[in-house]
1. Given R₀ = 41 Å, what would the calculated FRET efficiency be for Q305 paired with A252, taking r from the Cβ atoms and rounding to 0.05?
2. If I take every Cα pair under 8 Å that is 6 or more residues apart in the chain, average their sequence separation and divide by the length, what percent do I get for the relative contact order?
3. Considering only DSSP states other than H, G, I, E and B, which trypsin sites (Lys or Arg not before Pro) in the range 275-316 qualify as loop sites with at most 16 other Cβ atoms within 10 Å?
4. Taking a quarter of the surface of the Cα convex hull of the range 138-261, what do you get in nm²?
5. Within 12 Å, Cβ to Cβ, of E280, how many net charges do the neighbouring residues add up to if Lys/Arg are +1 and Asp/Glu are -1?
6. Under 1.5 on a/c is rounded, so check that first for the chain, then, if it is not, pick prolate when a/b is larger than b/c and oblate when it is not; a ≥ b ≥ c are the square roots of the alpha carbon gyration tensor eigenvalues.
7. Assuming 0.36 nm per residue, please report the length gained on full extension of the stretch D324 to S192 beyond their Cα-Cα distance.
8. On full extension of the chain, what length is gained from E206 through S161, given 0.36 nm per residue of separation minus the C-alpha to C-alpha distance?
Amino acid sequence: MSKAICFSEFGGPEVLRWSDIEVAAPGPGEAQIRHLAVGVNFVDTYQRSGLYQVALPTVAGNEGAGIVEAVGAGVTSVKAGDRVAYAGRIGSYCEVRNIAADRLCTLPDAVSFEQAAAMMLKGLTVQYLIRRTYRVKRSETVLFHAAAGGVGLIACQWLKSLGAKVIGTAGSAEKCQLALQHGADFCINYRSENIVERVREITGGEGVPVVYDSVGKDTFESSLKCLRPFGLLVSFGNASGVVPPVDLGILAPLGSLYITRPTLATYSAQKTDLDNMAQELFEVVTSGEVKIDIKQRYRLQDAAQAHRDLEGRQTTGSSILLPD
């Protein structure tokens with residue numbers, strides 16, 4: 001038996017239950033891992049609430065790190081005893097699980113289990129956002145919303161290492177200061193400053209070539225207005241709610257703009273892409289260019305509180321769950 005955080009209905013954090021689950025021997029192509037740390041991400045709350053539909057009942061969570069305990073038939077990419085981590089596979093809020101072995105990334109010795117659990121989903125997301133969805137170039141100015149969050153703090157550092165100028169946004173002076181400490185050149189407090197006016201001021205009226213927006217409903221319109229002609233809005237989350245239906249005609253007078261809605265699942269679907277993305281992430285972390293800032297640690301059984309804190313915007317940096 002293994003302990004896990006499960007839910008059998010959609011709703012608030014109260015639907016999460018600390019439960020016993022049976023874990024069979026790994027099947028063909030699978031590996032069994034024992035988690036030593038588990039990541040907490042906004043996508044976990046979207047699945048729990050029903051915003052993103054998943055089959056029920058299920059174990060919550062999408063990111064973890066631990067030790068391979070056994071492998072099924074045909075698995076050659078990992079073996080028992082390997083240190084591994086993964087992202088983007090629901091079912092991580094548990095002590096032990098089986099997972100498709102080709103979704104696992106072998107951890108360098110220099111990356112701890114806690115670091116890995118705090119960075120795989122967020123770091124791989126940053127990788128595809130700034131290296132593939134829009135390949136940020138040296139000296140470009142970009143706008144990154146929620147700059148003090150787990151994704152944001154990684155992005156600020158990584159963008160800085162590329163030589164970009166980073167404008168972040170956050171909801172308090174303290175969060176803005178945190179973003180600045182992690183590489184943002186400017187941070188706009190959206191509770192007291194007008195985002196569009198400040199971006200235009202910072203860029204001399206030009207706007208930015210790309211906006212990275214995980215906030216959704218509350219920032220969508222202002223994000224578009226921050227773009228220069230032919231600019232790209234990368235909408236990759238809904239922290240404030242889903243963006244309502246959009247009349248694409250608005251993109252023309254704002255400067256023939258582009259919008260995309262990328263996902264990690266698409267960018268990492270091929271094993272070679274996943275491995276290359278993880279390698280680049282591991283390199284920027286082990287080099288010290290990007291430091292993983294774990295601000296909140298919870299016991300695995302306290303996952304509901306982690307969700308309350310995350311949805312209540314009470315967190316900064318990364319949050320992880322630790323099995324006893």
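Where a number appears in this text, it was derived from the coordinates with a stated rule and is not lab data. Predicted model, so just to flag it, every value in this text is computed and none were measured. We place every Cβ from the backbone using ideal geometry, glycine too, and count neighbours over all the protein chains shown.
1. About 0.35, to the nearest 0.05.
2. Values: 742 pairs, mean separation 57.1, N = 324.
In percent, rounded to a whole number, it is 18.
3. Details: sites: K291, K295, R297, R299, R308, R313; in loops: K291, R313.
Filter output for the range 275-316: K291, R313.
4. Numbers: hull surface 27.5 nm².
Projected over every direction and averaged, the Cα hull of the range 138-261 covers 6.9 nm².
5. On the way: positive: R131, R132; negative: D273, D275, E283, E289.
Residues close to E280 contribute a combined charge of -2.
6. prolate
7. Values: separation 132, 0.36 × 132 = 47.52 nm, distance 4.20 nm.
Between D324 and S192, full extension yields an extra 43.3 nm.
8. Values: separation 45, 0.36 × 45 = 16.20 nm, distance 2.35 nm.
Separation in residues times 0.36 nm, less the Cα-Cα distance, equals 13.8 nm.
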